[in-house]
Amino acid sequence: MACTDKIVQIGCGEHIPHTLTSAYVDPDTHVTELGFVDVSEERLDAVAATCRALNAATGKQIQITTSSQAAEVLPGATVAVLAFAVGFPQLVLECYERADRYGIPIMEAETLGIGAGVQGWRHLKVAMPVLDQVQALCPNAWCVTSTNPIRHLTDYASRYAGIRKSMGLCHGAKATLRYIEKTLGMEWETLESTVIGANHLIWYLRLWDRRTGEDWYPQLREILQTRKLDGEMGRFLHSVFGYYPGNGPGHVPDGFGFFPRDRWEHFDIHRPVSTSNYDPFLEFTRRDATAESIVVDPAQAQQGNRRWVGYLRDIRDGKMEAEALLAILRENRLEDPVDQIFTPLFRPDTMYYTEALNLRNGSAVPNLPADAILEMPGVVNRTGAYPVALGPIPDALAELIRRQIVIQKLQVDAAVQGSKQLLLQSLLLDPLIKDAEAGIAFVEEELAAHPDVYPEFR
């Protein structure tokens, strides 16, 4: 007998296509109920109307439940997805402006260092009670986090909520490979890899040609002698550490203290968030997006979760047919790396390998903490996700990753305990902080500007 599933999504944001694909497109899933939780009644109305239209178009009879309260929707869930954003992108843009005033070269403000702290505390305030409810109301459910900072929420789910089947999903490892292929004019999906790191600060331990198995690192090193790929930063870091970094110059610099603001242009470093909420790096996961079209005319690319919420509203308002959305979901399923990871959660028959999951380390990398949330290869199916043993990694990489692990764990502990002392410890460990007083003033101003979205720190 086929397993039946109930998916609950917290936040009607960027994970919408993966949830709808699993329910309406994937031939191997048997979703009988969808639940959506959001603070916006308008978005809940749009997603409910879309699901009713998809039911009619596919002949399915999936039950649809919506609520502003997770506890009303979670009972019986087999998969719970965290996919919400607090004040995005407005609060991120404010963070940029504030950091510039205090001389702190925050570039991303999302997953590394103090930028991850302020975003993490906003999202943990919402996520902590929800994750506790997941454990209480559907303890056997998969808990999947696509909300950034992924490590913070996945860490709380594992260490504090005690959720056994928990992981974070990110497309960055695949996006970097597709970026390299496109900029070199290589055939799509030529390259495969083994990665290790903290989300948005990953390193390619191995690179090979997936058709022949040939080690591709010698070729990469030869290429980097005469040209850069995703920026001068990647070439520079490879020359020093001997491994290529993933996630591009829009994410990695927050893990280092030696990319000052006045050197960003030289290293091709750029902030990934703007008033248009567009990150061109994401589009490299799509087969039909060329390097030239993205770099030259990024406004033509459809924009992240605004695209998907726009589809929902168009269907609700009669501006788009359900069949058109189904066609888009089918195409997206073939190319989006998150879909390729999400689908195996519904299958008990075999284990599926993927090169980048955000999981508890255990003993996979013995020279990093066992309870650390690492981005690394793993296998996954309905029973859980399990890291692939990599063995010890080079000391320099381990130390770079360990620093971000410690900062992130202190930030989570600070939110749980309401501890300003732990907050300050995480702040002063951040390599971006060169002036302790300026760093403290930055955080205090950030917390005071929006006291309603942050935990209370004493």
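How much length, in nm to one decimal, is gained on full extension between Leu429 and Asp28, taken as 0.36 nm per residue of separation minus their Cα-Cα distance?
139.7 nm
Accessible area per residue, 1.4 Å probe, Å², for the chain: what's the number?
39 Å²
May I ask what percent, to the nearest 5, of DSSP beta bridges between residues of the chain are antiparallel?
50 percent
Work out, step by step, the length gained on full extension between Gln61 and Tyr217: first 0.36 nm times the residue separation, then minus their alpha carbon distance; give nm to one decimal.
So the chain would gain 51.1 nm between Gln61 and Tyr217.
Enumerate the lysines that Lys228 could reach by cross-link, defined here as Cα to Cα under 16 Å, with residues fewer than 8 away along the same chain left out.
Within the straight-line limit of under 16 Å, Lys228 reaches these lysines: Lys182.
Once amide H atoms are built 1.01 Å from N in the peptide plane, which residues 5 or more positions from Ile202, or in another chain, come under 5 Å H to H?
Distant-sequence amide H within range of Ile202: Gly246.
Quote the FRET efficiency, to the nearest 0.05, computed for His266 versus Glu331 with a Förster distance R0 of 30 Å and r equal to the Cβ-Cβ distance.
Result of the calculation: an efficiency of 0.20.
Tell me the label only: which of (1) 24.5, 88; (2) 21.2, 62; (3) 26.1, 102 is Rg and Dmax of the Cα atoms in Å as calculated from this structure?
It is the one labelled (2).
From the phi of every residue in the stretch 195-200, what ³J(HN,Hα) in whole Hz does the Karplus formula 6.51 cos²θ - 1.76 cosθ + 1.60 yield, where θ is phi - 60° and glycine or proline is x?
10, 8, x, 9, 2, 6
For the chain, with all protein chains present and a 1.4 Å probe, just round the carbon and sulfur fraction of the accessible area to a whole percent.
It is 50 percent, rounded to a whole number.
Could you name the aspartates and glutamates whose alpha carbon sits less than 14 Å from that of Lys165, not counting residues in the same chain fewer than 8 places away?
Within the straight-line cut-off, Lys165 pairs with Asp132, Asp155.
Hey, how many Å between the Cα centroid of the stretch 312-354 and the Cα centroid of the stretch 213-242?
So the separation of the two Cα centres works out to 34 Å.
Would you grab the residues whose amide H sits under 5 Å from the one on Thr66? Only those 5+ places off in sequence or on another chain, please, with H modelled 1.01 Å from N.
Sorted by chain and number, the residues that satisfy this are Phe36.
With a Förster radius of 41 Å, plug the Cβ-Cβ distance of Trp208 and Ala370 into 1/(1 + (r/R0)^6) and report the FRET value to the nearest 0.05.
Efficiency at R0 = 41 Å is approximately 0.90.
Loop-only GluC sites (Glu not before Pro) in the stretch 362-458, please: DSSP not H, G, I, E or B, and at most 15 other Cβ atoms within 10 Å.
Sites meeting the loop and neighbour criteria: Glu456.
Starting from the Cα of Asp452, step 7 Å along the direction of its Cβ; do the same at Glu189; then give the gap between the two resulting points in nm.
The modelled label-to-label distance comes out at 4.7 nm.
So which trypsin sites (Lys or Arg not before Pro) in the stretch 349-451 are both in a DSSP loop and have at most 14 other Cβ atoms within 10 Å of their Cβ?
Lys434
The values are calculated or read from the model by the stated rules, or taken from the named source; none is laboratory data. The model shown is predicted, which means the values in this text are computed figures rather than measured ones. Using ideal geometry, Cβ is built from the backbone for each residue, glycine included, and neighbour counts are taken over all protein chains shown. Please note that ligands, DNA and RNA were not included when accessible areas were found on the heavy atoms of the full protein model with its side chains. Shrake-Rupley method; radii C 1.70, N 1.55, O 1.52, S 1.80 Å.
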